[in-house]
Each structure stands twice: as C-alpha cells, then as structure tokens.
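Following: one structure in structure tokens, then a few remarks.
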Amino acid sequence: MDKTKLSAIANEIRKGALTAVYSAQSGHPGGSLGIADILAYLYFEEMNVDPKKPKMEDRDRFVLSKGHTSPALYATLAEKGFFPKEDLKTFRHKDSYLQGHPDMKNIPGVDMSTGSLGLGVSAACGMALSGKISEKTYRVWAILGDGESQEGQVWEAAMFASHYGLNNLAIFVDCNGLQIDGATSDVMNPEPFDEKYRAFGWNTMVIDGHDFDQIDAAVKAAKASDKPFAIIAKTVKGKGVSYMENKCEWHGSAPKEEQYEIGMKDLENALCVESK
Amino acid sequence: MSEKIATRDGYGKALAELGEKYDFVVLDADLAAATKTGVFKKAFPNRFFDCGIAEGNMMGVAAGIASTGKTVFASSFAMFAAGRAFEQVRNIIGYPHLNVKIGATHAGITVGEDGATHQCNEDIALMRTIPGMVILNPADAVEAKACVEAALKHNGPVYLRFGRLAVPVIYDEGHTVEIGKGSVICEGTDVTIIATGLMVSIALEANEILKAEGISARIVNMPCIKPIDAELIKECAEKTGLIVTCEEHNIIGGMGSAVAEVVCESKPVPVVRVGVNDTYGKSGKAQDLIPVFGLDAVSVANRVKEALKLK
C-alpha cells in the first residue's frame, strides 16, 4: 500500500466531488468529502474492477447506499478511468448522464442505482448471495450512512446477511455524526453500531475512516471474516475543506464561486502538506 | 362445471415445471406455503431463499441478484409486494429496469376471511405508474403458467397477479400469453366485455345470461394490463360502440382505467367500469363476497344491460 499515492488520489476525488457540486450548484458535498479516503482505498487498492470492462462478470461490486454522495463516487470512477474527469462538470445538468443519484443503467462503473436511503445494503446482500449461489469469488462492498441507518430496512438486510452467511459482503458505516436536521444523536440516535451489528451476527471493527492503515486493517479483517463484516468508520463530514468540516449545513448545499476557490485551495494545500 | 384451480396454484406449479427449462432464483417473505412458491422450494431447494417477513429487503435483494445477471422471482401477497414495498419496487427494480419478476398472490377481495387489510385492490394502479413495468393477470391456472413463461422470456421487471380462490379452468394446456396482447374469447356485436383475472370466467357466465336475453357480447380476456393492447381496445370500440370492463380491483387506476384511457384518446365510446367501487374489502367467504362487491355474473349482466342504454 502506497499511502502517499492513496492520499493524492483521495485528494483528487475530493476536488472532483467539489467541482461537480460547484458546477451543478446543487448536490451533497459534506458526505462526499467524508468518504473519499474509503473510496480511494477500495477502488485503487482493493477492488477487482476494469474501467474498460465495467460489466465484467466476476468484478468486485460496490454499492453506494448513501447515494446522495454520488459526487465522490463519480469522481472516483472518473479518476479510475470509467469516464472522462471533465464530465464531472456536467453533474446534475439536464443533458448529462451523471444523474443526481447513482444510475446503474447509464453510468459506467455504477453497480446499483441508489439514492432512496436504506435500499442499498439489501441490494448488496443480493449481489453477495448471487456470488455464493454461483460459487464466485467476487466480493461486495457498500457504504451507508449513520443517519441512513435509521431506516428499518438496513436492519432487515443486516439480519439477511448473517442468516445466509454472506461473509463476501462488507459494509462501511460512514459515521460522521451529522444528518440534515442536525446531529444524529439529537435527531434519532442510531448508535452504538458495533454492538448492534454484532447482535445481528456480524463481525465488526471501529476505525478512523481517514486513516489508510486502519482502513487497510479493516478490509483485511473483512476478507478473513467468517461472517458479514461491518466497518464502523468514524469520519469528518466535509473533510478537507476548512469551512465545511463538521458542519451539517454543508450536507446538501453547493459552494459559491469564492467558497469553491477556498475549498480547492484547501485541498491543494492538504496535498502539499502530505507530500512534504 | 369445469375443474377449479386457484391461479396461485398455477403459479407454484409453473415455477416448479419451468425451473427445469429456465435458470432462475425464487425469493419469498415467509409466505411460501400460501403463495405456492413452496412447490418450487421442494423441487429446487438450492434456488429458493426465504427472506422472512421483510418485503422491502426482499425487493432489494432481488434487485441485487438480478444485477448479477440472474432472473429472480420475488413473492408475497399483493398487499405487501405492491403496497408495502412499492417504493423499493419503483426505485431499485423499476428505475434500473432489472430482471425481477414479482409474483403477487392473494390479490383482490377473494382473499376472503382475512378481510380488508389483506385484500389488495390497489396493486394494478400502483404498478401501472411504474415506467417499464409489465403487468400480467391470468384468468386461470393454465394461463398463470403461460404468464410465468412470458415473464421469463421478457427482459425487465414484471408484476404477476394471482388469486387465492379456486376458479374455473377455461384454457387448454399449451395456451400462451403474449406481453401486450389481449385475446377475443367470443365474438359479439352489441357490447364488448373486457375482463381480467378471475372476472374472465364470471364474464363468460354473464354472457350466458345476456345471450338468453338476445344481447350479443364480444368477450375479451386482457391478461396483460401493461402494456395494454390498445389496438384490440380500439377495434372493440369500433365494432361494438360500448365497452364494459370487469376486474377484481378498485375501479380507480386499474384495467378499466387503462381501457378508458385508450378509448378516450382514440375512439371515444362509452366505457363502464365494473370493479371494486372505491371501497375497502371485508371478511367473508370469497364466494360470498363476490356478489357483495357486485362482481358476480348476474351483477355484471345487469351492469351491461344498463350500459346498453348509453349507446
């Protein structure tokens, strides 16, 4: 694992996501910035995917259950070469294929259409079960939100995954502690995740979702697990853009020109610090 | 009277029989004994997965399986498949146009004793509004198998509607269903009765009453409600100048609405919709409930006679 390289990629993902939301003057920057490190690790260190063959049968699958953070996924897929990075500027525009939420029919590299919260883990379970039925070796990864976990279906899926022994499935619970109406602990406390998932028959690990060593350890543990695996990733919503960090106001609003420039500068500077 | 079999039995048997010829997976939500997917489970235990009482998750799981290239049947009662899980069906099956076949049994008031909470008269309306969704509603157990096979041959989401009550078998083995097509069962000149599901055999019974009174009715079976056979409907409007639709579903948004939409936009003639008249169901034996909701042959014949005054 080349952490410097992964940091640089995560930074590019953040810049791409911010640019997409800025170009659209619409979208969800906070959560997108928060999951950039996990996406960088999955797509550039772990997953077997081929941008030239996005529908490759035995590819590893990824489901972005918190589909509103599509800017981060699109920036990752563009960085990986599934489509031109330039297209990120068309995000949410009326003639663009880059829909507000992931659309598997029209976006190369998107494995499942998501956006309506709580549905993605169920779909990931289906993919994992299908792999078991056909004795495939591919793995299924998903990212869901902590706020999203208030949806009851997430727990129906958690039950399903352990009942069918889907140890080829691992999810990242993106715990940034914030949702639209405020702190998750104030709106409807979904914690504690590790105890909940263990009670549902999963193995778990709590990590810092911005630390590549910890992400690496969790992914390795997930791959060795005899049960489905929940990685409880503590993250910072808005990570990398100074004025967005830990601010739920930046859940679903776009930066204006000046703010965008500050944000891009923050990200450039972060990279300079990293590479020193 | 011919043999009576519920279309849900036709569904279960069809899955088990077609399981040899086609490769597909079946999911259920703790109702396999009632939806009859249990028949498939017995024949192909490795291709059957119970999802427990969690229909929303089942639809998501079905979508995930379908995304890997497999065909999936997801079964529950119509109330839970189309009602409870509507948003899941719309967003994670319909929107990505995945190859999921929703086998919804216990549709309509003929669920019987369980009453209003389980009698789904809204599912056709709900499913019709999902772009790309095909809706099949067989008239008997033979046609149920034909619908399952048509669904298997179709690439994309299909909603299959089955009933709990045993109904007369009107078709011979080998009968086929084509998506987008209805069929004329018998010719007539005064009125067309377009029926779907168990109302087809009741319409045929009503036709005997009408014949005895000198009324010539064209009887059409409409097993495919979406896409609807607009050509056939237009032809009926032209040939008979009056259409009466019969369905075990709310008259709002169902097959009758679909027919009226076609007629209004192409060949306006009177359309009278016989169905559940925008009310909830109630408990009772299925056979006893049919006349309560005005869906028996005598009631249908009377509605046709009234409708003739509109010509």
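The values are calculated or read from the model by the stated rules, or taken from the named source; none is laboratory data. Note that the structure is predicted; figures quoted are calculated from it, not measured. As a convention, Cβ positions derive from the backbone with ideal geometry for all residues, glycine included, and neighbour counts pool all protein chains shown.
The residue of the stretch A:114-139 that is farthest from the other protein chains (Cβ to nearest Cβ), among those that are in contact with a Gly (Cβ under 8 Å, 6 or more places away or on another chain) and without any contact (Cβ under 8 Å) to a residue 24 or more places away in the chain, is A:130. List the number of the failed condition for residue A:177; all other conditions in (1) away from chain B (no Cβ under 14 Å); (2) on the phi < 0 side of the Ramachandran plot; (3) of a type outside the set (Ser, Thr, Tyr) hold. That leaves (2) as the condition not met.
Residues in the stretch A:229-256 that are touching a Ser or Thr at 6+ places or on another chain (Cβ under 6 Å) and buried (at least 24 other Cβ atoms within 10 Å of the Cβ): A:230 only.
Among strands (runs of 3 or more DSSP E) lying entirely in the stretch B:193-311, which contain 3 or more residues that are of a type outside the set (Val, Ile, Thr) and surrounded by 21 or more Cβ atoms within 10 Å (Cβ to Cβ)?
Correct list: B:217-221, B:243-250.
Filtered by the rule that a residue be among the basic types (Lys, Arg) and surrounded by fewer than 19 Cβ atoms within 10 Å (Cβ to Cβ), the stretch A:182-219 gives a lone residue, A:198.
Go through the stretch B:76-113 and report how many residues are among the aliphatic types (A, V, I, L, M) and more than 10 Å from chain A (Cβ to nearest Cβ).
Total meeting the criteria: 10.
Considering only the stretch A:101-108, I want to know if a residue exists there that is within 11 Å of chain B (Cβ to nearest Cβ), buried (at least 24 other Cβ atoms within 10 Å of the Cβ) and touching a strand residue (DSSP E or B) at 6+ places or on another chain (Cβ under 8 Å). Yes, that holds for at least one residue.
Within the stretch A:145-163, can one find any residue that is within 14 Å of chain B (Cβ to nearest Cβ), within 28 Å of residue A:206 (Cα to Cα) and touching a Lys or Arg at 6+ places or on another chain (Cβ under 7 Å)? Yes, the conditions are met somewhere in the stretch A:145-163. When the criteria are applied in full, residue A:142 fails the requirement of being away from every other protein chain (no Cβ under 13 Å) and either modelled with pLDDT of 95 or more or buried (at least 24 other Cβ atoms within 10 Å of the Cβ) (or both). For residue B:177, the stated conditions hold: it is assigned to a loop (DSSP other than H, G, I, E, B), hydrophobic (A, V, I, L, M, F, W, C) and buried (at least 17 other Cβ atoms within 10 Å of the Cβ).
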